[in-house]
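Remarks on the structure that follows.
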Amino acid sequence: MYDKDYIEKINEKKKDWEETTVKKVTSKYPERYEKFYTNSNQEVDRLYTESDIQDLDYLEDLGFPGQYPYTRGVQPTMYRGRLWTMRQYAGFGNAEESNKRYKYLLSQGQTGLSVAFDLPTQIGYDSDQPLSQGEVGKVGVAIDSLKDMELLFNGIPLDKVSTSMTINAPASVLLAMYIAVAEKQGVSPEKLSGTIQNDILKEYVARGTYIFPPQPSMRLITNIFEFCSANLPRWNTISISGYHIREAGATAIQEVAFTLANGIAYVEAAINAGLDVDEFAPRLSFFFNAHNDLLEEVAKFRAARRLWARIMKERFKAKKPKSLMLRFHTQTGGSTLTAQQPDNNIVRVTLQALAAVLGGTQSLHTNSRDEALALPSEDSVRIALRTQQIIAHESGVAETIDPLAGSYYVESLTNSIEQKAREYIEKIDQLGGSPKAIEKGYIQQEIQDSAYRYQMDIESGRRIVVGVNKFQIEEEPPKGLLKVDPEVGRKQEEQLKELKSSRDNLAVQEALKELEAKAKTDENVMPAVIKCVKCYATLGEICDTLRGVFGEYKASVII
Amino acid sequence: MTQTNTIRVLVAKPGLDGHDRGAKVIARALRDAGMEVIYTGLRQTPEQIVEAAIQEDVDAIGLSILSGAHNFLFPKVVELLKKEGADDILVIGGGVIPDEDIPGLKEAGIAEIFTPGTPTSRIVEFIKENVKH
């Protein structure tokens with residue numbers, strides 16, 4: 001906090017400066033716009049001073065890294081101790097192909113795996129189901145059974161890598177498969193580290209790969225929390241994701257607000273299921289986006305960290321320091337990439353990655369330049385990984401902790417993002433919490449309004465996107481794009497047929513029946529899911545069994 | 001040709017992909033341009049889309065897909081429209097679609113493909129100029 005008289009003096013001097021020095025210039029050369037805005041439509045002043053952060057209390061609001069409220073970072077030494085995990089989201093075609101890509105990435109210095117599953121897998125359909133047609137292996141790897149999972153991690157020691165899996169509605173099934181593969185490698189569950197996304201609420205509002213209605217979905221999630229806290233102590237049981245909320249059009253403030261509101265809902269659900277907050281909260285993790293507005297994004301990460309720590313302490317009375325820490329993964333913003341002049345995307349990704357690092361991310365995926373056109377080629381992925389390595393080893397930003405702290409502008413943005421996100425969360429509380437707000441379409445509507453405003457700003461020219469609405473050139477269609485083998489679907493179908501004729505079908509039927517029975521009680525379903533997986537029941541069979549008990553979610557259409 | 005009624009458009013998401021930011025922005029832009037817009041929601045089969053188009057008596061269908069399943073799903077919609085004798089309905093598509101796939105899709109009967117970065121005003125114009133009303 002600053003001296004009141006001194007602030008007064010600054011304000012006077014600033015006014016003076018504006019009326020004399022500035023006016024002299026602006027009377028002849030007006031500024032580029034009448035008003036300036038951040039990427040998220042927050043108005044930006046010409047100049048920030050101590051006056052803009054006069055209420056900031058260093059010890060209360062910033063503190064020290066590794067200490068409450070964690071504004072400056074969750075680790076005491078941050079990147080001086082260990083760099084962030086460089087984790088490129090990858091997967092396409094079948095398990096063998098994806099396995100090759102993982103081994104390539106690891107050989108290039110990547111430090112963790114991140115599995116992309118195809119849409120049928122994410123929605124709990126086998127590759128041979130009619131709805132899967134045309135989608136098998138397209139946006140990720142096709143996994144039908146433990147067989148595929150064994151191939152996916154073939155030759156990759158699961159006690160040595162940490163693996164993140166973007167899987168939500170059927171998270172329990174894929175986690176069970178991972179545990180089973182590890183067991184075959186001789187690796188016990190307590191040695192496994194990684195993350196499952198397991199965040200169903202944002203699927204309803206932004207990402208779309210839901211299966212079951214909210215209530216049984218929340219139950220599956222708390223089952224996983226409980227199972228992991230007893231058996232996989234190093235596993236991140238959920239990755240509460242703002243990424244897709246932002247991609248769907250939300251502003252930075254909405255990204256923080258809606259993500260933390262979902263986080264609150266998960267914590268409440270687990271507490272209501274009888275779990276102790278300090279048992280499961282240390283394993284909650286987050287996933288954010290990084291867009292182009294460098295300083296606003298840095299402020300966003302800092303604000304999110306502070307706000308979550310305060311929520312966990314004040315609202316949920318969590319006691320363990322780890323329960324208060326917002327640990328997060330960042331991916332650069334897919335929707336900011338342009339199909340026009342794709343090499344420009346390398347520069348965008350650099351800015352975004354820099355924001356994530358300056359914001360104190362725990363792991364990072366950098367998008368590839370060609371992702372507005374297709375899945376990334378090997379060359380493009382390498383450049384994306386090199387971008388992280390250059391930031392880590394050449395830019396110097398990793399050598400000290402939270403280097404932008406104390407910047408009048410960044411601290412002021414950090415305060416305003418926290419404040420405005422808090423207001424959103426209060427509004428969501430009034431609506432009865434995030435699941436209710438989603439049911440009412442409130443969150444979807446807010447995101448869509450932002451998305452539409454953004455698009456109209458581009459079309460009116462108020463917002464410039466280089467190569468799209470300014471600085472366009474005639475260009476040749478890009479070459480060397482990755483094509484997914486159209487035969488993947490057929491091959492998966494054949495393998496499924498083979499699997500079903502060679503496995504012990506009686507054991508499969510029994511395991512599925514047991515799962516059905518467990519799902520009908522309020523017992524934890526994880527042991528039954530693991531049993532199904534181990535006797536090679538397919539993902540589709542397991543999810544169909546659960547569909548039979550839980551029903552399916554029907555989205556209401558809001559435009 | 002005089003246009004007596006409002007243009008009716010079905011915005012549809014075939015396949016399993018859940019990325020509907022683009023579809024929703026376009027739905028709203030078409031509506032702001034004076035058209036009547038029906039949005040199907042996610043995960044529609046080509047059969048469901050064609051059924052909705054006929055039931056709602058639309059003049060155009062806008063298909064949006066970002067998963068890469070366009071080569072399979074777009075032509076299927078056109079094929080089914082033909083089968084139902086509703087091939088006077090204008091079909092356009094958009095999403096992450098590589099340039100090299102576009103000629104094939106046009107040959108299959110998709111009137112135009114709009115790729116990322118297209119202003120919504122261009123889509124509005126295209127529909128206005130090409131619907132058989």
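The values are calculated or read from the model by the stated rules, or taken from the named source; none is laboratory data. All of these numbers come straight from a predicted model, not from anything done at the bench. Don't worry about glycine lacking a Cβ; one is built from the backbone with ideal geometry, like all the others, and counts go over all protein chains shown. All accessible areas refer to the heavy atoms of the entire protein, side chains included, with ligands and DNA or RNA removed. Shrake-Rupley method; radii C 1.70, N 1.55, O 1.52, S 1.80 Å.
I need the full set of residues from segment A:447-484 which are among the acidic types (Asp, Glu) and away from every other protein chain (no Cβ under 13 Å), in order please. Within segment A:447-484, A:Glu474 is the sole residue that qualifies.
Residues in segment A:446-470 that are in contact (Cβ under 8 Å) with a residue 12 or more places away in the chain and open to solvent by 60 Å² or more (accessible area, probe 1.4 Å) were compared, and the one that is farthest from A:Tyr204 (Cα to Cα) is A:Val466. The set of residues in segment A:68-85 that are over 21 Å from A:Gly194 (Cα atoms) and without any contact (Cβ under 8 Å) to a residue 40 or more places away in the chain contains only A:Pro76.
Considered as a group, the residues in segment A:137-155 that are within 14 Å of chain B (Cβ to nearest Cβ) and open to solvent by 10 Å² or more (accessible area, probe 1.4 Å) include one that is farthest from A:Leu83 (Cα to Cα), and that residue is A:Lys138. Among the residues making up segment A:240-276, those that are among the hydroxyl-bearing types (Ser, Thr, Tyr) and either surrounded by fewer than 24 Cβ atoms within 10 Å (Cβ to Cβ) or under 12 Å from the mean Cα position of the chain (by Cα) (or both) are A:Ser241, A:Tyr243, A:Thr259.
Can B:Val91 be described as more than 10 Å from every other protein chain (Cβ to nearest Cβ), under 25 Å from A:Pro120 (Cα atoms), open to solvent by less than 50 Å² (accessible area, probe 1.4 Å) and among the β-branched types (Val, Ile, Thr)? When the stated conditions are applied, B:Val91 does not pass them. When we screen A:Ala451, A:Ala437 for residues that are closer than 16 Å to B:Thr120 by Cα, in a helix (DSSP H, G or I) and touching a helix residue (DSSP H, G or I) at 6+ places or on another chain (Cβ under 6 Å), the only hit is A:Ala451.
Can you confirm whether B:Thr40 is of a type outside the set (Phe, Trp, Tyr), surrounded by fewer than 18 Cβ atoms within 10 Å (Cβ to Cβ), facing another protein chain (nearest Cβ under 9 Å) and free of Cβ contacts under 8 Å to residues at least 40 places away in the same chain? So B:Thr40 does not fit the description; no. Considered as a group, the residues in segment B:102-113 that are open to solvent by less than 20 Å² (accessible area, probe 1.4 Å) and within 14 Å of another protein chain (Cβ to nearest Cβ) include one that is farthest from the chain's Cα centre (by Cα), and that residue is B:Leu105.
Per-residue answers, yes or no, for (1) open to solvent by 40 Å² or more (accessible area, probe 1.4 Å); (2) within 18 Å of the chain's Cα centre (by Cα); (3) hydroxyl-bearing (Ser, Thr, Tyr):
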{"position": "A:His329", "(1), (2), (3)": "no, yes, no"}
{"position": "A:Pro342", "(1), (2), (3)": "no, no, no"}
{"position": "A:Val349", "(1), (2), (3)": "no, yes, no"}
{"position": "A:Ala356", "(1), (2), (3)": "no, yes, no"}
{"position": "A:Asp370", "(1), (2), (3)": "no, no, no"}
{"position": "A:Leu373", "(1), (2), (3)": "no, no, no"}
{"position": "A:Asp379", "(1), (2), (3)": "yes, no, no"}
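Can you tell me which of A:Leu59, A:Leu83 is under 27 Å from the mean Cα position of the chain (by Cα) and surrounded by fewer than 19 Cβ atoms within 10 Å (Cβ to Cβ)?
Working: A:Leu59 fails: under 27 Å from the mean Cα position of the chain (by Cα).
Only one candidate passes the filter, namely A:Leu83.
Residues in segment B:75-115 that are in contact (Cβ under 8 Å) with a residue 60 or more places away in the chain and either among the acidic types (Asp, Glu) or more than 15 Å from B:Ala12 (Cα to Cα) (or both): there are none. Among the numbered conditions (1) modelled with pLDDT of 95 or more; (2) closer than 29 Å to A:Lys202 by Cβ, the only one that A:Gly81 does not meet is (2).
What do you reckon, is A:Ala290 touching an Asp or Glu at 6+ places or on another chain (Cβ under 7 Å), within 19 Å of A:Ile346 (Cα to Cα) and either of a type in the set (Lys, Arg) or crowded, with 24+ Cβ neighbours inside 10 Å (or both)? Against the criterion (touching an Asp or Glu at 6+ places or on another chain (Cβ under 7 Å), within 19 Å of A:Ile346 (Cα to Cα) and either of a type in the set (Lys, Arg) or crowded, with 24+ Cβ neighbours inside 10 Å (or both)), A:Ala290 qualifies. Residues of segment B:50-72 that are crowded, with 24+ Cβ neighbours inside 10 Å and in a helix (DSSP H, G or I): B:Val50, B:Ala53, B:His70.
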